[in-house]
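The values are calculated or read from the model by the stated rules, or taken from the named source; none is laboratory data. Given the structure is predicted, the values throughout are model-derived calculations rather than measurements. Here the Cβ is made from the backbone with ideal geometry for all residues, glycine too, and neighbour counts use every protein chain on show. Note: accessible area is taken over every heavy atom of the protein model, side chains too, but ligands, DNA and RNA are not part of it. Shrake-Rupley method; radii C 1.70, N 1.55, O 1.52, S 1.80 Å.
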Amino acid sequence: MVEKRRILSGMRPTGRLHLGNFHGALVNWLQLQEEYECFFFVADWHALTTDYANPEFIKENTYQMIIDWLSVGLDPEKCTIFIQSQVKEHAELYLLLGMITPLAWLERNPTYKEIQAELHQKDLATYGFLGYPVLQAADIIIYRANGVPVGKDQLPHVELTREIARRFNYLYKQAIFPVPEPLLTDTPLLPGLDNRKMSKSYDNCIYISETNEETVKKVSRMFTDPKRARRSDPGTPETCPVYAYHRLYNEPERTENIASLCKEAKIGCVECKREMAEKLVEALKPTREKREYYEKNPDKVKKIIEEGTEKARSEAQKTMELVRKALTLAD
Ligand code: TRP
Ligand code: SF4
């Protein structure tokens, strides 16, 4: 039997998942789990790089994130779900990779410079923050992953991972680590309620874990085409965030119909939003039902995490044995 190609990806536990996360990453993960051997994990150590002074939310966020994953359909029968900090081997490999990673590779990392500039209110002049991509490289290559589904923002990290994997193989004259490919998804960018990118920091998100009522209320306050001040003004649906949701959640024919009605000022925004909210809530129904189930059954969630972690750990241990041997360290 040809072994299935292996996929690995992770997310920092930043809080509950919103629809932007869902369409940006998870839709892709759901497809991958059908075809590949997938490992998906919560990067809770990585959360510490920015939140080391307030770590008390990380555990709950991690748990909630995994519930969200399960609710949208990540299936523990098909993929391995685990928590980074529970597989200590990542830390060992991180340390060893730190020995072979030239400082210049980290200092020139564009994400490093950008995030440091963005988060100037937090002190990011730490060793851990500079080493963020080395830990990420360890996360990936410890499973000898072939593919890493990520967003564009993560490409420099995967590129660095590739360089580190090559350098390790070269230095110790063994092809221990496959050089992983980034798997970019060009998902349609789902706008937030205010037509900017959906992001927790903009407070413009629709969350998987919120109630239908909250979703309906949010949709009713959503931005529309700013040129449609009055109902009699013709609209341009392509620029309207509500329309972007119709495209994803309404039937294609009806969506086209709405576009014409909007352009001819024959449908009002209130009505248009109401219909969209209905479709959205309907589409989210199975997800929200599953979420309720997992909320009521924390033992089931814990068991899934435990089993996933065990499987991940055993794979990580296999790799670490090879690594220690390659480095001729004591075994
Ligand atoms: N850096 C990623 C993010 O910010 C999270 C992450 C950590 C990751 N380790 C990874 C992603 C390994 C893919 C593979 O979202
Ligand atoms: Fe947007 Fe619908 Fe209003 Fe047109 S009618 S501007 S698509 S909300």
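Scanning the stretch 99-112 for residues that are surrounded by fewer than 17 Cβ atoms within 10 Å (Cβ to Cβ) and either assigned to a helix (DSSP H, G or I) or within 16 Å of ligand 2 (Cβ to nearest atom) (or both) returns M99, I100, L103, A104, W105, E107, P110, T111. Yes or no: I258 β-branched (V, I, T) and in a helix (DSSP H, G or I)? Spelling it out, I258 is indeed β-branched (V, I, T) and in a helix (DSSP H, G or I). The selection criterion, being farther than 21 Å from Y293 by Cβ, part of a helix (DSSP H, G or I) and more than 15 Å from ligand 1 (Cβ to nearest atom), does not hold for E60.
Listed here are the residues, each with its yes/no results for (1) open to solvent by 60 Å² or more (accessible area, probe 1.4 Å); (2) modelled with pLDDT of 95 or more; (3) in a helix (DSSP H, G or I); (4) more than 29 Å from E315 (Cα to Cα).
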{"site": "S71", "(1), (2), (3), (4)": "no, yes, yes, no"}
{"site": "P76", "(1), (2), (3), (4)": "no, yes, no, no"}
{"site": "H90", "(1), (2), (3), (4)": "no, yes, yes, no"}
{"site": "L93", "(1), (2), (3), (4)": "no, yes, yes, no"}
{"site": "L97", "(1), (2), (3), (4)": "no, yes, yes, no"}
{"site": "E114", "(1), (2), (3), (4)": "yes, no, yes, yes"}
{"site": "H120", "(1), (2), (3), (4)": "yes, no, no, yes"}
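In the stretch 250-266, which residue that is within 27 Å of F22 (Cβ to Cβ) and open to solvent by less than 40 Å² (accessible area, probe 1.4 Å) is nearest to ligand 2 (Cβ to nearest atom)? Across the stretch 250-266, the extreme among qualifying residues is C262.
Once the stretch 175-211 is narrowed to residues that are assigned to a loop (DSSP other than H, G, I, E, B) and open to solvent by 80 Å² or more (accessible area, probe 1.4 Å), the residue that is farthest from ligand 2 (Cβ to nearest atom) is A175. Would you check which residues across the stretch 258-301 are without any contact (Cβ under 8 Å) to a residue 12 or more places away in the chain and aliphatic (A, V, I, L, M) and list them? L261, I267 - these are the residues of the stretch 258-301 that are without any contact (Cβ under 8 Å) to a residue 12 or more places away in the chain and aliphatic (A, V, I, L, M). Residues in the stretch 147-173 that are modelled with pLDDT of 95 or more, outside any helix (DSSP H, G or I) and surrounded by fewer than 19 Cβ atoms within 10 Å (Cβ to Cβ): Y172, K173. Annotation note: Cβ proximity below 8 Å between a residue of the stretch 127-140 that is more than 19 Å from A312 (Cα to Cα) and without any contact (Cβ under 8 Å) to a residue 40 or more places away in the chain and a residue that is more than 9 Å from ligand 1 (Cβ to nearest atom) and not in a helix (DSSP H, G or I) (sequence gap 6+ or interchain) occurs for P133/N109. Counting the residues of the stretch 1-57 that are open to solvent by 50 Å² or more (accessible area, probe 1.4 Å), within 10 Å of ligand 1 (Cβ to nearest atom) and among the hydrophobic types (A, V, I, L, M, F, W, C) gives 1.
The residues listed here are E114, E77; of these, the one that is of a type in the set (D, E) and under 30 Å from R288 (Cα atoms) is E77. Within the span defined as the stretch 184-206, one or more residues are touching a residue at least 40 places away in the same chain (Cβ under 8 Å), among the small types (G, A, S) and away from ligand 1 (no atom under 15 Å from the Cβ).
Residues that are assigned to a loop (DSSP other than H, G, I, E, B) and buried (at least 24 other Cβ atoms within 10 Å of the Cβ) within the stretch 131-142 comprise just one, I142.
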